[in-house]
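Trainee: I'd like to ask you about the structure that follows.
The values are calculated or read from the model by the stated rules, or taken from the named source; none is laboratory data. Every value quoted in this text rests on a predicted model; they were computed, and no experiment measured them. A quick note on method: Cβ atoms are made from the backbone with ideal geometry, for glycine too, and the neighbour counts reach across all protein chains shown. These area figures cover heavy atoms from the full protein model, side chains too; ligands, DNA and RNA do not enter into them. Shrake-Rupley method; radii C 1.70, N 1.55, O 1.52, S 1.80 Å.
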Amino acid sequence: MTIQNLIDTGRFEVVNAGDDLTREIKDVFCCDLLSICMSKGIEDAAWVTVMGNVNTLAVMTLTDMACIVLAEGARMDEVGLQKAQSEGFTVLRTEDPIYPSARFIDDMIHA
Amino acid sequence: MSDSLEFKYQIDGEDFARVGHASTDVKKKLKMMGLPPDVIRRVSIAIYEGEINMVIHAYGGEITVTISEGDVKMVLADKGPGIPDIEKAMTAGYSTASESVRNLGFGAGMGLPNMKKYTDSIEIETELGVGTTVTMHVKF
């Protein structure tokens with residue numbers, strides 16, 4: 001499933017559509033503590049988290065995750081939003097909790 | 001690669017918006033140089049954790065990355081307060097980070113443990129009130 005496919009499901013609000021919407025999402029990763037995310041982040045995963053700041057974007061880049069999905073109504077702060085826009089990162093969001101959001105993405109990957 | 005390449009980065013203290021600048025740049029450079037993905041990931045993690053530590057605890061500092069045949073050397077030097085108990089600081093889960101820092105998603109007590117885990121060697125020189133220098137190597 002590509003990032004564009006995930007957007008097209010309409011399940012998530014698009015905070016910022018990144019530069020490469022054809023990128024394949026191959027897995028889902030859930031965690032909020034950035035040091036753990038840094039060591040355990042999964043390449044090409046959609047990362048479901050409540051941490052919406054510029055550091056989240058740095059960790060996403062360093063671990064080669066595909067996109068960020070902010071759950072539980074979390075929002076990207078202003079600095080993070082500007083960074084996502086200038087660097088072309090995809091950030092989505094939802095009011096739903098982390099688990100059903102991640103489960104949905106996982107189901108879509110394996111559909 | 002016969003000659004070594006050196007890159008230096010100044011890290012600003014308390015500037016969380018810039019954390020990741022050095023590690024992201026090093027990652028790009030190592031990618032361009034064609035180093036193995038696993039080496040790039042390990043170096044990125046080690047430098048990123050170092051950057052965070054320097055911002056949280058040490059009012060910033062300087063990172064020097066030297067890439068030579070089969071080795072990435074990272075030297076992270078700060079003029080912070082020093083580490084009173086290195087053994088404790090190396091314990092996973094132990095953290096002295098403030099509540100505000102934890103609210104940003106840091107302070108899990110994984111910084112130095114991650115740096116040790118993902119590098120082939122780590123050496124910490126620290127003096128209270130003077131500063132800390134962490135030297136790490138990743139071999140490839």
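Trainee: In square angstrom and rounded to 100, what buried accessible area do you get between chains A and B, total over both, with the probe at 1.4 Å?
Mentor: 1700 Å²
Trainee: Now a separate question. Name the most mobile residue of A:23, A:75, A:93, meaning the one with the largest mean-square fluctuation, in a Gaussian network model of chain A with Cα contacts below 10 Å.
Mentor: A:23
Trainee: If you place +1 on the Cβ of every Lys and Arg and -1 on the Cβ of every Asp and Glu, how big does the dipole about the Cα centre of the protein assembly as shown come out, in debye to the nearest 20?
Mentor: 220 debye
Trainee: What FRET efficiency would be calculated for the residue pair residue B:59, residue B:29, taking the C-beta separation as r and a Förster radius of 30 Å, to the nearest 0.05?
Mentor: Numbers: r = 26 Å, r/R0 = 0.87.
E between residue B:59 and residue B:29, to the nearest 0.05, is 0.70.
Trainee: Quick one: pull the percent of accessible area on region B:5-139 belonging to carbon and sulfur, 1.4 Å probe, ligands and nucleic acids left out.
Mentor: 52 percent
Trainee: Please check: in the Gaussian network model of chain B (C-alpha springs, under 10 Å), which one of B:34, B:109, B:60 has the largest mean-square fluctuation.
Mentor: B:34
Trainee: Could you give the radius of gyration (one decimal) and Dmax (whole number) of the Cα atoms in region A:3-109, in Å?
Mentor: My reading of the Cα-based Rg and Dmax gives 11.9, 32 Å.
Trainee: Further, regarding this structure: Would you kindly calculate the translational diffusion coefficient of chain B, applying Stokes-Einstein with the Kirkwood radius from alpha carbon pairs, for 25 °C and a viscosity of 0.890 mPa s, and quote it in µm² s⁻¹ without decimals?
Mentor: Details: Rh = 15.0 Å.
Taking Rh from Cα pairs, D becomes 163 µm²/s.
Trainee: What is the gain in length, in nm to one decimal, between residue B:5 and residue B:121 on full extension, counting 0.36 nm per residue of separation less the C-alpha to C-alpha distance?
Mentor: 39.8 nm
Trainee: Sorting check: for A:16-22, B:78-84, which peptide has the highest mean count of neighbouring beta carbons within 10 Å, and how do the rest follow?
Mentor: In descending order of packing, they fall as B:78-84, A:16-22.
Trainee: While we're here: State the extension gain, in nm to one decimal, for the chain segment bounded by residue A:99 and residue A:77, taking 0.36 nm per residue of separation less the distance between their alpha-carbons.
Mentor: Values: separation 22, 0.36 × 22 = 7.92 nm, distance 2.25 nm.
Length gained between residue A:99 and residue A:77: 5.7 nm.
Trainee: Looking only at B:72, B:39, B:130, which one moves most when chain B is put into a Gaussian network model with springs between Cα atoms under 10 Å?
Mentor: The residue with the greatest mean-square fluctuation here is B:130.
Trainee: For residue B:79, which lysines qualify as cross-link partners when the Cα separation must be under 19 Å and same-chain residues fewer than eight apart are set aside?
Mentor: In chain and number order, the partners are B:8.
Trainee: Turning to a different aspect of this structure: I want to make sure I understand the PRE zone here: with the label point 7 angstrom from the Cα of residue B:66 toward its beta carbon, which residues in region B:106-127 have backbone N atoms less than 19 Å away?
Mentor: Residues passing the 19 Å test: B:119-126.
Trainee: Return the average number of partner chain Cβ atoms within 10 angstrom of each residue Cβ along peptide A:29-36.
Mentor: 5
Trainee: Okay, next question. Run the reach check for residue B:117 against aspartates and glutamates, Cα to Cα strictly under 20 Å, same-chain hits fewer than 8 apart removed. What comes back?
Mentor: Reachable aspartates and glutamates: A:43, A:64, B:38, B:49, B:51, B:71, B:85, B:87, B:125.
Trainee: If you don't mind, another one. Using Cα-Cα distances under 8 Å and only pairs 6 or more residues apart, what relative contact order does chain B have, in percent?
Mentor: Once normalised by length, the contact order is 27 percent.
Trainee: With θ set to phi - 60° and the Karplus curve 6.51 cos²θ - 1.76 cosθ + 1.60, what are the ³J(HN,Hα) couplings of region A:77-84 in order, to the nearest whole Hz, using x for Gly and Pro?
Mentor: Here the 3J(HN,Hα) series is 6, 4, 5, x, 5, 4, 5, 4 Hz.
Trainee: Here is a follow-up. First compute the accessible area of region A:3-109 with a 1.4 Å probe, then give the percent of it belonging to carbon and sulfur atoms.
Mentor: 47 percent
Trainee: What range in chain B is the longest one free of GluC sites (Glu not before Pro) that are in a loop by DSSP and have at most 12 other Cβ atoms within 10 angstrom? The partial results should precede the final answer.
Mentor: Working: sites that count: B:14, B:69.
Within chain B, the longest run free of exposed GluC sites (Glu not before Pro) spans B:70-140.
Trainee: Hey, another quick one. Per the helix-only calculation at 222 nm, which mean residue ellipticity applies to chain B, given -39500 (n - 2.57) for every DSSP H run of n ≥ 4 and division by its residues, nearest 500 deg cm²/dmol?
Mentor: Taking each H run of at least 4 residues, the total per residue is -10000 deg cm²/dmol.
Trainee: Normalised radius of gyration for the protein assembly as shown, please: alpha carbon Rg relative to 2.2 N^0.38 Å, two decimal places.
Mentor: 1.02
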